[in-house]
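Structure first, then comments.
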Amino acid sequence: MPADVAVPRPRPADQDRFRAAVADALDRLLAEHRDLARDVHPLTAPLVDAIADLTAGGKRLRAVLAWLGWRAAGGEAEDPRIAEAGAAFELFQAAALIHDDILDRSDTRRGMPSVHRRFESLHREAGWRHAAEHFGVSAAILAGDVALGMSETAFARVLAGTPREDRARAELERMRFGVMAGQYLDVVAEMAPAARDAREAEAAAEAVVEHKSARYSAVHPLALGGLLAGADDGLVTAFARVSLPFGMAFQYRDDLLGVFGDPATTGKPAGDDLREGKQTVLIARAVELLAPDEAAALDADLGDPDLGADRVAHWQGVLEACGARRAVEERVAALSHEAAGAVAGLLAHGVPEDVSAELTQLIDAYTSRRH
């Protein structure tokens, strides 16, 4: 952007109003499904309640990105259609989190019991028969499926009759399959033997980041928001130059928080990614930098659900001392800089300056966050 052009100040109050509109749209969708649950049987109400509690929190990142894409393509900021699309993204995210926590054997999410642990507690408190753990996983899988179905209902309403409906549906299909394929790659990475070549391990970790997280967290929301407002392919391509490096940086920051984050702000125990055996770029870089015996010791501890606080602190120190943490921090900074630089290219496509400024601010906020 030329130096003599005044950059409009982002308007956080507008984002707050949009987030409130998304919350209202979620409330309506949840109310509809509570009615459906009552029609089926009162015992099905906890499926909807679990989704309601999970979607009550969170950053609303995907919804806000869709809103920015919508406005970038000429959509009105307060149009209720984009708020419903935001709610659809929140429900899709809820489904992904519910299933992800099962696969990762996570006990907590956003400072609360994860959904499968919530259903375990329901089983125990009710004094029901058979294994509480099995019930918890079974019920959570179904709750995730319900959230995914609710998301599809909302997307279908918003997509119907839009200028680029077919192109938007194709984007949505890519998002859905990409998340599931990326999740599968993540499971394979945890189960397969450690790669002999450190660069191969890092490339595999990068593929998981891109397809499990970066594309559905940033690329698809920005693109779908724009497509709903009629964005052409040139603008969607320009969006990707911003959103892919941003999405990668966002997830690398998340990986750092998964090891070094403060539980008071992340809502997850310190070092939880180590206990879950996450084969992240942080771990791959550490294996490349460590001596073979120490790399083998790290691999042996990864995935131990009973890994104590002392071992977590030990590996935090090792990852710091060997330079792995610094290397990932530098990658976050480089990708964030790339994404912010690409925002300037959106002006050539007629994107309003206030939208560009908000996007730049969002990139900075989410790649430097501490929770």
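A few points about this structure:
- Long-range HN-HN contacts of Arg109 with modeled amide H, under 5 Å: Ser114
- Contact order relative to length of the chain, as percent, for alpha carbon pairs under 8 angstrom and 6 or more apart: 20 percent
- Globularity ratio of the range 99-225, using Cα Rg and 2.2 N^0.38 Å: 1.31
- When the helices of the chain are scored as -39500 (n - 2.57) per DSSP H run of n ≥ 4 and the total is divided over every residue, the value at 222 nm lands at -24000 deg cm²/dmol.
- Alpha carbon convex hull of the range 222-265, volume per residue in cubic angstrom: 70 Å³
- The range 317-371 - Debye-derived log10 I(q)/I(0), Cα point model, q = 0.16, 0.30, 0.31 Å⁻¹: -0.57, -1.11, -1.14
- The chain: most fluctuating residue of Trp315, Trp70, Trp128 per GNM, C-alpha cutoff 10 Å: Trp128
- Heavy-atom accessible area ranking, 1.4 Å probe, most first, across Glu320, Glu90, Glu84: Glu320, Glu84, Glu90
- Sum of side-chain charges, Asp310 neighbourhood, beta-carbon under 14 Å (Lys, Arg +1; Asp, Glu -1): -1
- Fluctuation leader among Ala340, Ala207, Ala321 - the chain, Gaussian network, Cα springs under 10 angstrom: Ala321
- Potential lengthening between Glu76 and Arg105 on full extension [0.36 nm per residue; Cα-Cα distance subtracted]: 6.3 nm
- Derived scalar couplings ³J(HN,Hα) [the range 263-280; Karplus, 6.51 cos²θ - 1.76 cosθ + 1.60; whole Hz; x for Gly, Pro]: x, 5, 10, 7, x, 10, x, 4, x, 4, 5, 5, 5, 7, x, 5, 8, 8
- Surface share of carbon and sulfur [accessible, 1.4 angstrom probe, percent] for the range 257-371: 54 percent
- As a length-normalised measure over Cα pairs under 8 Å and 6 or more apart, the relative contact order of the range 42-95 settles at 43 percent.
- Across the range 143-251, C-alpha contacts under 8 Å between residues 6 or more apart give a mean separation that, scaled by the residue count, equals a relative contact order of 33 percent.
- Alpha-carbon radius of gyration plus Dmax, which is the widest Cα pair, for the range 241-371 in Å: 17.1, 56
- Near Arg164: Cβ cut-off under 15 Å, other residues only, Lys/Arg at +1 and Asp/Glu at -1. The net charge is -2.
- Compactness index (Cα Rg / 2.2 N^0.38 Å), the range 6-142: 1.24
The values are calculated or read from the model by the stated rules, or taken from the named source; none is laboratory data. Keep in mind it's a predicted model, so treat the numbers as computed, not measured. Here Cβ is always computed from backbone atoms with ideal geometry, including for glycine, and neighbour counts include all displayed protein chains. Heads up: the accessible areas ignore ligands, DNA and RNA and are worked out on the full protein's heavy atoms, side chains in. Shrake-Rupley method; radii C 1.70, N 1.55, O 1.52, S 1.80 Å.
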